[in-house]
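The values are calculated or read from the model by the stated rules, or taken from the named source; none is laboratory data. Just so we're clear, the structure is a prediction, and the values are computed from it rather than from any experiment. Note that we place each Cβ from the backbone using ideal geometry, even for glycine, and neighbour counts take in every protein chain shown. Heads up: the accessible areas ignore ligands, DNA and RNA and are worked out on the full protein's heavy atoms, side chains in. Shrake-Rupley method; radii C 1.70, N 1.55, O 1.52, S 1.80 Å.
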Amino acid sequence: MAKPVATAATGTSAAAYLAACGIVARLIAARRGAPVGPVRTSLLQGALIPAAMHWYRAERPTDSLRAGMPRSEPDTIFQCSDGSWVHIMACPDQASLMSDGLARMSEADLDRCRQAHPRTPFTTRTFPNWQANVEIFKQHPREAWLRSLRAADVPVDSVEPLGKIYFDEQAQLNQYAVKVEDPHRGTTIQPGAPLSIAPPMRIRNPAPLPGQDDENVFEMQPRLRQPPAALPAAGVPSQPLAGLKVLDLGNFLAGPLAPMLLADLGATVIKVEMPSGDPMRWLDAAFIGCQRGKRAIALSLKDPASKPVMERLVRWADVIHHNQRMTAARKLGLDYESLRAINPDMIYCHVSSYGPQGARKDWPGYDQMFQSSCGWEIESAGQGNPPQWVRFGMLDHQCALASLLATLLGLYGRESTGQGQAVAASLLGASVLTVGETIVQADGTLTPYAKLDGRQMGVGPHDRFYECRDGWVCLLVAPERMSDIHRAAGVGEESFERWMRAASVSDALTLLRRCSAQAVRVVLDDGDSFFASADNRRHGLIARYAHPVYGSLDHVGRFWDFVNLEQAIERPPPLLGEHSRAILRELAFSEAEIEALLASGTVVQGSVPEAVSQT
């Protein structure tokens, strides 16, 4: 019933990223002559970042959009012979250990495994020998599996306890885990910056002691009391990043989300896809959560005839952003050195799995693998339970927001120096930052942190879900205040859970709030009421587009409020190649050249599917 503990941090972390990104976007806008003023975001808007992949209201939903991303699919976490676990993100059958194991199985055993196959769309498509895989994984220890799977280029990582990632060589080499001298704890290991820019970010000092800067702050008070400069007179303000041009070469989620948010801030974004499309297009709900605001061109990048198109797109762009594996990017001529020769002023942001330095810099990786290696699959399962994957996108979202911040910092630097640069973010860097609720002490142990209980109800009586007679309540209160709640309920500590089960949600909330506790009704899916809220629409938290397939589409709206700068979120997620012809014209290709590119299949012009256009 309980939400895994890892998800509790995602809204908070996302809101922190949004605040930082909003500040830098505001500074860029001011450098460009826009009026000064505030930027606002919230914990709610941070939580809405992942909700955009799950909440929508469509006039004509497709079967895929209606299905969403159900939790019925099994986690691709497999136990090894030594009791440890691995999380894989592709069929393992080509790995030598697995192919040998399958070859040794009798036809009777294979048939038994086929009968036990969990026939879901994902396992049927990607894991045809699922049950056999489960059994063969238990025949070898984890280290042997890691070697075999990686040799076959199967994305895999081990399921590790929280905190072990601090000792990861790749994390330390890329400064995602850094040593910090703490006045109380000595030499500690803590999260470093989750991104790479020039000049590099660095940690200046440890966490401050209580009151250590009182004297300096009091000296600043006369200046702090000065009223802020008045906002300029109302007019027709520009958007924060109006005029900025972004080329999005990314796929899945960690790549395309940051360009979508740049579009939300006013940038013009062109999405480049192969004619086969972004691999996440088949999953409509996930796709629309990171693609609005863009125009799309379908371009066969492996075709030499595409080179003139790419060169003009690169010259056009202020920002180039992608998450392709760098080995593939180099083959296509999309690495930084190749593109800098065409456009030296651009900001080039690459999103990798393991960071730009080290032996694993070109390894494949997925959100799930970092949930496993950073400890969240153990912590989210609850004490004593097998590891459990949280949900798709938890760390992809964090990585994408880190790449957005890196891109904006690069742009702000360019406003000062006039020079472009390469910036970077990674799943590993963003993931290490999420484990900051515990750090490594001088003796190598971790600082204490709250652990989810075995029932997945919470981390203690004061911070957990409680079942009531007609629903569930989430309670958060200081531990020492629980005795006040027990007295108000007229029961002892050992009987409080039973009292809650007998109470209605309304009565429980009344009592808890009377004791000044934070408590809310647990809602399993709040999407419908979210879109029905007039307040949400008035505050811009709901966006509405006219989509060529879905018809009228309500979606999660803006993530910032710039007060005196606009945010026009009007363009729906694009169809594959929807704007190919128009983009080619804007790039000054002649009509004859355009027709030749389309006829050869180098460029594909998208259209509304016939079945949809006739409805």
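Structural remarks
- Hits in the range 307-349 (condition: over 24 Å from Arg581 (Cβ atoms), assigned to a helix (DSSP H, G or I) and out of contact with any Ser or Thr (no Cβ under 8 Å at 6 or more places or on another chain)): Thr327, Ala328, Ala329, Lys331, Tyr336, Glu337, Ser338, Leu339, Arg340
- If the condition is being assigned to a loop (DSSP other than H, G, I, E, B) and open to solvent by less than 20 Å² (accessible area, probe 1.4 Å), then the range 366-377 contributes Cys374, Gly375.
- The residues of the range 67-86 that are among the β-branched types (Val, Ile, Thr) and out of contact with any Cys (no Cβ under 9 Å at 6 or more places or on another chain), listed by number, are Thr76, Ile77.
- Within the range 588-615, if we keep just the residues that are of a type in the set (A, V, I, L, M, F, W, C) and exposed (fewer than 13 other Cβ atoms within 10 Å of the Cβ), the residue that is modelled with the lowest pLDDT turns out to be Ala611.
- Residue list for the range 252-262, filter: within 12 Å of Tyr366 (Cα to Cα) and touching a helix residue (DSSP H, G or I) at 6+ places or on another chain (Cβ under 7 Å): Phe252, Leu253, Ala254
- Qualifying residue in the range 577-587 (condition: open to solvent by less than 80 Å² (accessible area, probe 1.4 Å), more than 24 Å from the chain's Cα centre (by Cα), within 27 Å of Leu247 (Cα to Cα) and of a type in the set (D, E, K, R)): yes
- In the range 49-82, the residue that is surrounded by the most Cβ atoms within 10 Å (Cβ to Cβ) out of those that are out of contact with any Leu (no Cβ under 7 Å at 6 or more places or on another chain), in a helix (DSSP H, G or I) and touching a residue at least 40 places away in the same chain (Cβ under 8 Å) is Ile49.
- Condition met for Pro479 (surrounded by fewer than 18 Cβ atoms within 10 Å (Cβ to Cβ), free of Cβ contacts under 8 Å to residues at least 60 places away in the same chain and within 30 Å of the chain's Cα centre (by Cα)): no
- The single residue among Ala29, Ala2 that is over 21 Å from Leu253 (Cβ atoms), open to solvent by less than 30 Å² (accessible area, probe 1.4 Å) and modelled with pLDDT under 90 turns out to be Ala2.
- The residue pairs whose first member lies in the range 229-248 and is within 26 Å of Arg340 (Cα to Cα) and open to solvent by 50 Å² or more (accessible area, probe 1.4 Å), whose second member is of a type in the set (D, E, K, R) and at pLDDT 95 or above, and whose beta carbons are closer than 8 Å, counting only pairs six or more residues apart or on different chains, are Lys245/Asp318.
- Considering residues of the range 255-279 that are open to solvent by less than 10 Å² (accessible area, probe 1.4 Å) and in contact with a Phe, Trp or Tyr (Cβ under 9 Å, 6 or more places away or on another chain) only, the residue farthest from Tyr56 (Cα to Cα): Ile270
- Among residues of the range 464-475 that are farther than 13 Å from Arg498 by Cα, those with a beta-carbon under 8 Å from a residue that is open to solvent by less than 40 Å² (accessible area, probe 1.4 Å) and basic (Lys, Arg) at least six positions away or on a different chain give the pairs Cys474/Arg464; Leu475/Arg464.
- Among the residues of the range 471-489, those that are more than 10 Å from Ala519 (Cα to Cα) and among the aliphatic types (A, V, I, L, M) comprise Ala478, Met482, Ile485, Ala488, Ala489.
- Selection status of Glu135, part of a helix (DSSP H, G or I), out of contact with any Leu (no Cβ under 9 Å at 6 or more places or on another chain), open to solvent by less than 60 Å² (accessible area, probe 1.4 Å) and farther than 25 Å from Phe392 by Cα: yes
- Residue satisfying all of: in the range 378-434; farther than 20 Å from Trp85 by Cα and in a loop (DSSP other than H, G, I, E, B); most open to solvent (accessible area, probe 1.4 Å) among these: Gln419
- Positions within the range 16-48 being β-branched (Val, Ile, Thr) and without any contact (Cβ under 8 Å) to a residue 24 or more places away in the chain, in sequence order: Ile23
- Where a residue in the range 372-383 is under 15 Å from Tyr449 (Cβ atoms) and acidic (Asp, Glu) and its partner, wherever it lies, is open to solvent by 10 Å² or more (accessible area, probe 1.4 Å) and at pLDDT below 95, with Cβ under 6 Å and at least six apart: Glu379/Val5
- Any hit, the range 457-473, residues being charged (D, E, K, R), open to solvent by less than 40 Å² (accessible area, probe 1.4 Å) and at pLDDT 95 or above: yes
- In the range 184-224, the residues that are more than 32 Å from the chain's Cα centre (by Cα) and either at pLDDT 90 or above or open to solvent by 100 Å² or more (accessible area, probe 1.4 Å) (or both): His184, Arg185, Gly186, Pro210, Gln212, Glu215, Phe218, Glu219, Arg223, Leu224
- Looking only at the range 91-126, and only at residues there that are at pLDDT 95 or above, in contact with a helix residue (DSSP H, G or I) (Cβ under 8 Å, 6 or more places away or on another chain) and not in a helix (DSSP H, G or I), the one that is surrounded by the most Cβ atoms within 10 Å (Cβ to Cβ): Pro92
- Any hit, the range 433-449, residues being more than 30 Å from Cys290 (Cα to Cα) and charged (D, E, K, R): yes
- Test: Asp157 is surrounded by fewer than 19 Cβ atoms within 10 Å (Cβ to Cβ), of a type in the set (D, E, K, R) and on the phi < 0 side of the Ramachandran plot: no
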